[in-house]
Each structure stands twice: as C-alpha cells, then as structure tokens.
Amino acid sequence: MLHWMDDNRQPDFPSTQFATTSPNGLLAAGGIITPIWLDSAYRRGIFPWNDPGDVRLWWSPAPRAIITPESFRIPRTVRKAIRRQPLLITCNQAFTAVIQACAAPRPYAENTWIDEDIIQGYQRLHQCGRAISVELWGDDGALAAGFYGLIIGKALFGESMFSYIDNGSKMAFAIAASALFQHGYHLIDCQMHTAHLGQFGAHEVTRTEFEQRLAQASQQPSLAPLPSVLCAI
C-alpha cells in the first residue's frame with residue numbers, strides 16, 4: 001500500500017524497504033517541497049519525481065546508479081570535444097537560469113518533472129549553499145549547457161542537465177565531476193542507470209550498498225565550495 005505523507009507535519013518517510021518493485025522505487029505520495037523535506041528525503045536516498053500538476057510522488061529505486069572516484073572516467077569522445085574548442089565552465093554563477101533551462105520543454109517531451117515548487121525549493125537550497133549549478137558558456141557569452149544537483153556532506157545528488165550544443169552537458173559534467181572527486185566527494189548519485197551516465201562510470205549497486213555508502217558520505221562535514229571557475233581554456 002502506498003504511504004501518504006501529511007503536509008502539515010514534519011517529514012516522516014517510511015522505510016525504503018517498502019518501495020515498490022513495479023514501478024521501481026515508488027515509496028510515498030503527498031508532502032511538500034521545502035528545504036527540510038528535501039533534506040530529510042535525500043539523506044535517506046529518496047527523491048521527488050512526478051509530472052507537473054500531479055500528486056507529489058517520492059521514489060527510492062533499487063538497484064541504484066552511482067559514480068564513485070574509483071569508477072569515474074571521461075569518455076574519449078568527450079575528452080576530444082574538450083580539447084578542440086575554447087571552454088568556460090563555471091559553478092554557481094547562474095543557478096536559476098540552469099534549473100529553468102532544465103525545466104524547459106525538450107524536443108522529445110512537452111514538459112519535464114521540474115515544476116515551480118521544485119524550482120523554488122532548490123533555489124532556497126542554493127541560497128544556503130546546499131544546491132549547486134554548473135554552467136558551460138558559449139562563445140557569445142550565453143548559457144549553452146549545464147546541470148544542477150543537491151549536496152549533502154560529501155555526496156552530490158545529480159538532478160537534471162540540459163544542453164543547447166553538441167556534447168555540452170557531457171563536457172560540463174566531465175569537468176565538474178573531476179573537480180568534485182578531487183575536492184573529496186565520495187559519490188555522485190545518478191538515481192537510475194542510463195547509457196549516457198554509464199559512459200562516465202555510473203554503475204548499479206544494491207539498495208543496501210547504496211544506503212551504506214550514502215550514510216557514510218552524508219554524515220561527513222560539508223566541504224568548501226567549488227571554485228567559481230572550473231575550466232577556462
């Protein structure tokens with residue numbers, strides 16, 4: 001039976017062991033998007049995901065896709081793309097623009113799951129240093145690609161990315177992930193495995209292993225922010 005969350009109380013998510021297997025990971029419905037609710041959810045490996053206008057749904061799929069310092073790699077095609085063009089990649093210089101670009105309609109879909117509550121909730125987390133954006137800028141100075149995510153301790157939870165140019169989001173992710181692991185992060189949570197993220201070393205682990213890794217990473221003290229300029233060549 002699906003667990004319904006009470007909007008008027010502090011978040012009290014059920015054990016992730018109650019997540020459904022079909023669809024994979026559905027755990028609870030209801031609730032609200034605020035920094036407290038998001039922090040409580042992500043610390044347990046739970047995240048919101050539903051179509052705009054539908055009831056809020058919370059998920060914890062298994063197996064879980066993660067990237068670790070040991071598994072991370074940059075695909076050859078992305079390395080070549082990085083070398084053959086000028087690049088300016090920054091961090092936390094245009095968070096609102098990045099999340100709005102991620103929320104914009106895509107050629108293959110009329111909308112995304114990122115509704116106004118999501119935008120406002122993550123903006124508030126960004127304001128207190130808990131959510132980050134990575135931006136790739138075009139030759140004309142316009143935002144060309146990027147992604148955003150949530151940080152807890154030494155874990156980054158990747159949320160969404162966009163790109164207006166070939167390999168744009170891949171280059172932004174390659175540079176940022178390298179910086180994150182060099183900075184001391186333990187894992188990047190990718191939620192579900194895709195061929196796109198598999199190129200970077202994303203691999204699936206069991207719920208038990210993921211939650212053990214998450215507990216270890218999230219209980220670590222927060223690291224200093226990444227530099228505002230990650231790559232300028």
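Since every read-out is calculated from the coordinates, none of them should be taken as a lab result. Keep in mind the model is a prediction, meaning the values are calculated, not measured. Every residue, glycine among them, receives a Cβ derived from its backbone with ideal geometry; neighbour counts consider all protein chains shown.
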Sorted largest first, extent of segment 3-61 alpha carbons per principal axis (Å): 28, 25, 16
Computed [θ] at 222 nm, deg cm²/dmol, the chain (DSSP H ≥ 4; -39,500 (n - 2.57); rounded to nearest 500): -8500 deg cm²/dmol
Once exposed loop trypsin sites (Lys or Arg not before Pro) are cut out (DSSP; at most 12 other Cβ, 10 Å), longest piece of the chain: 85-233
Restricting segment 57-116 to GluC sites (Glu not before Pro) in coil, as DSSP defines it, with at most 13 other Cβ within 10 Å: Glu70, Glu110
Relative contact order [Cα under 8 Å, 6+ residues apart], the chain, whole percent: 24
Binned Cα-Cα distance frequencies in the chain - 10 Å width, integer %: 8, 33, 39, 18, 3, 0
Neighbour count of at most 14 Cβ within 10 Å plus DSSP loop: longest chymotrypsin sites (Phe, Trp or Tyr not before Pro)-free window in the chain: 1-107
